[in-house]
Amino acid sequence: MEHSLLSELKELITNLEQKKAETRYTIPSEIMGATKKAKNLERFLYDIFAVVNGSGGINLLSIIRREFGMSVELTDHIDQWAPYSKDQFEDALHDVIDRAEIRAGKQGLFFEGSPDKKEAAEALHLLKRIAHAAVKCQFSPKLAGPHAYIEILDHVIQFYALPNSFLDDSMIKYRSLLSSDRLYAMSGNDDTITAALKSHVKEWYQRSTYTFLEKSEWYHTYESVLDYLYVLTEEQLECLRIDFIEHIRNELKLVKVKPELHRVKLLKSMLETVLNWKV
């Protein structure tokens with residue numbers, strides 16, 4: 001008797017799991033209505049910008065839940081949304097982005113300085129392009145392909161170059177943005193997209209007049225150089241290597257005044273790593 005009861009429970013679980021997996025979700029009318037009524041969208045644009053700059057990949061679902069009151073149940077089952085409903089909601093998000101503005105009192109979300117009208121308009125244009133591409137990556141990843149990810153990265157780089165987006169002129173602002181680990185996360189751990197992003201960054205850097213990647217002071221530690229070797233040419237890497245070796249020589253002079261075994265070992269490890277770098 002107990003065995004038949006157990007079999008009945010197992011069968012019921014199987015049926016319910018199958019039914020759950022086959023469920024197709026549609027977007028409630030109140031959610032669609034919320035997209036049409038959405039206004040004061042600076043925070044929406046800012047949060048998308050923060051996501052594409054972060055190390056967690058492109059996932060806009062938490063932003064969408066907050067902005068439009070969508071349930072966790074619905075966002076957790078995005079793969080089971082009815083195709084027409086997903087397309088309808090994606091179109092609605094693009095409409096929201098098109099309507100977005102940056103009011104004068106909200107410029108502090110995006111700028112450290114005070115932009116003029118031309119710079120503010122350029123920033124809004126870039127932020128909208130970034131948001132449109134991010135929505136494509138979220139809802140139509142196969143159609144988006146590497147191009148949408150490159151578009152995001154390219155427009156983020158352009159935003160970084162605006163006069164008042166970062167008042168610090170030291171190029172530290174690019175340190176996390178260009179990391180190979182971050183690009184891999186941004187791509188959704190896709191090797192093909194990551195390769196395309198790396199190629200774009202390398203082309204951008206090689207066209208620019210920047211030299212910060214060739215200076216030891218730009219890096220947190222010598223280990224972090226590995227995250228940026230993909231950008232450099234052999235000649236640029238040699239400049240960086242020479243800079244680090246000079247740093248090691250200077251450190252060795254200090255260590256010789258007061259020898260400490262662990263510091264000497266650290267310098268030895270650093271030198272071995274520096275000598276083995278390859279583009």
Scan of region 207-217 for residues that are over 19 Å from V156 (Cβ atoms) and either open to solvent by 70 Å² or more (accessible area, probe 1.4 Å) or outside any helix (DSSP H, G or I) (or both), ordered by number: T209, T211, K215, E217
Residue list for region 121-162, restricted to those being within 16 Å of H94 (Cβ to Cβ), small (G, A, S) and open to solvent by 20 Å² or more (accessible area, probe 1.4 Å): S140
Given (1) among the aromatic types (F, W, Y); (2) open to solvent by 40 Å² or more (accessible area, probe 1.4 Å); (3) within 19 Å of the chain's Cα centre (by Cα), number of the condition F49 does not satisfy: (2)
Cβ-Cβ under 6 Å pairs, at least 6 apart or on other chains, region 228-253 side closer than 26 Å to Y184 by Cβ and open to solvent by less than 30 Å² (accessible area, probe 1.4 Å), far side β-branched (V, I, T) and not in a helix (DSSP H, G or I): L229/V279; L232/V279; L237/V279
So Q107, is it touching a residue at least 40 places away in the same chain (Cβ under 8 Å) and either touching a strand residue (DSSP E or B) at 6+ places or on another chain (Cβ under 8 Å) or open to solvent by 30 Å² or more (accessible area, probe 1.4 Å) (or both): no
Unmet criterion (only one of (1) in contact with a Ser or Thr (Cβ under 6 Å, 6 or more places away or on another chain); (2) open to solvent by 40 Å² or more (accessible area, probe 1.4 Å); (3) touching a residue at least 40 places away in the same chain (Cβ under 8 Å)) for R182: (2)
W204 crowded, with 18+ Cβ neighbours inside 10 Å, out of contact with any Gly (no Cβ under 8 Å at 6 or more places or on another chain) and touching a residue at least 40 places away in the same chain (Cβ under 8 Å): no
Any hit, region 187-206, residues being in a helix (DSSP H, G or I) and over 30 Å from K136 (Cα atoms): no
Every residue from region 45-77 that is without any contact (Cβ under 8 Å) to a residue 24 or more places away in the chain and farther than 26 Å from F110 by Cα: S71, V72, E73, T75, D76
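The values are calculated or read from the model by the stated rules, or taken from the named source; none is laboratory data. Since the model is a prediction, treat every value here as computed from it, not as a measurement. Reconstructed Cβ throughout: ideal geometry from the backbone, glycine too, with neighbour counts over all protein chains shown. Note: accessible area is taken over every heavy atom of the protein model, side chains too, but ligands, DNA and RNA are not part of it. Shrake-Rupley method; radii C 1.70, N 1.55, O 1.52, S 1.80 Å.
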